[in-house]
Amino acid sequence: MIDPTTALNQLSQDLNFAGQAWLWLRANLIELSGAFAVTVIGFFVVRTLGRAADKALNRSERIEPTVAKFLGNVVKYALWVILGVTVLTQFGVQTTTIIAALGGLALAVGLALQGTLSNVAAGVMILLQRPFRVGEYITCGTVAGTVQAIGLFTTEITQLDGLYVMVPNNELWNKPIVNFSRQPTRRFELVIGIGYADSIAQARSELLALAHADPRVLDDPEPVVFVAALAESAVNIGLRVWCATPDYLRVSWELTEAAKNRFAEVGISIPFPQREVRTIPAPPQ
């Protein structure tokens, strides 16, 4: 059975609490109204500015879609943080404490995700600087292949043998990158040896004829034939031609084969290293 005195005391406390709450509400009605107004107006302002930032970033042709999305999210989160701090200020909360707490949280997250954040930073730099694009063939360190996708954390590459490689962006950004697809033209150099008894002028004429007969070989810069070296068993003749980058592999393969066949037809020898081994008998004992 409930004691009447205890019930009266509890009712008195409830009434006192309700009265205090009502007094607090009346005293802070202006601040609450201001906070509510700031929240509602700020909500629409943040959404409007966030959408405007997304449209502006996605409309720019100089910014990759991945970077545009990342920067758009950064803008949105920053606006929401500013709105939250502004609303809390309406209730009398000290913003210095909030900023200090956010700074400490950011520092802790940064230390915990140091490696991941370095990949993100490298990914942003790759997307901004564009040392390579999707579809281009690159080499970087021990990795070589065609770029399939560029993300904020990793870059996906397919090697010539069909193997799939996922490379952390930090590994790509900290090493020299060679892009084989960026320039519209490339130079191919063929070095082929002829015998010392063969004619250098004839070899030069035959190689130039092969270069001019190939429509993929560019006239500017014009093909050049030169004596590369006087080797031990051959005179090395060099041929330099320029072609469009997509034609490079086939030009290199077919010109090499054509040079071998042409030299065989006209009687120009392609010597190979030879060694003469003599057996000296042991002196009689």
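The values are calculated or read from the model by the stated rules, or taken from the named source; none is laboratory data. Values in this document were obtained by computation on a predicted structure and should not be read as measured data. Cβ atoms come from the backbone with ideal geometry, glycine included; neighbour counts cover every protein chain shown.
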Consider PRO221 against the criteria (1) modelled with pLDDT under 95; (2) surrounded by 13 or more Cβ atoms within 10 Å (Cβ to Cβ); (3) under 28 Å from ARG182 (Cβ atoms); (4) not polar (S, T, N, Q): it satisfies all of them except one. Which criterion is unmet? (2)
Scan region 154-203 residue by residue and report those that are in a helix (DSSP H, G or I) and surrounded by fewer than 17 Cβ atoms within 10 Å (Cβ to Cβ). GLU171, ILE200, ALA201, GLN202
Here are some conditions: (1) within 41 Å of the chain's Cα centre (by Cα); (2) within 12 Å of ILE268 (Cα to Cα). LEU218 meets all but one. Which one does it not meet? (2)
Consider VAL241 against the criteria (1) modelled with pLDDT of 95 or more; (2) out of contact with any helix residue (DSSP H, G or I) (no Cβ under 8 Å at 6 or more places or on another chain): it satisfies all of them except one. Which criterion is unmet? (2)
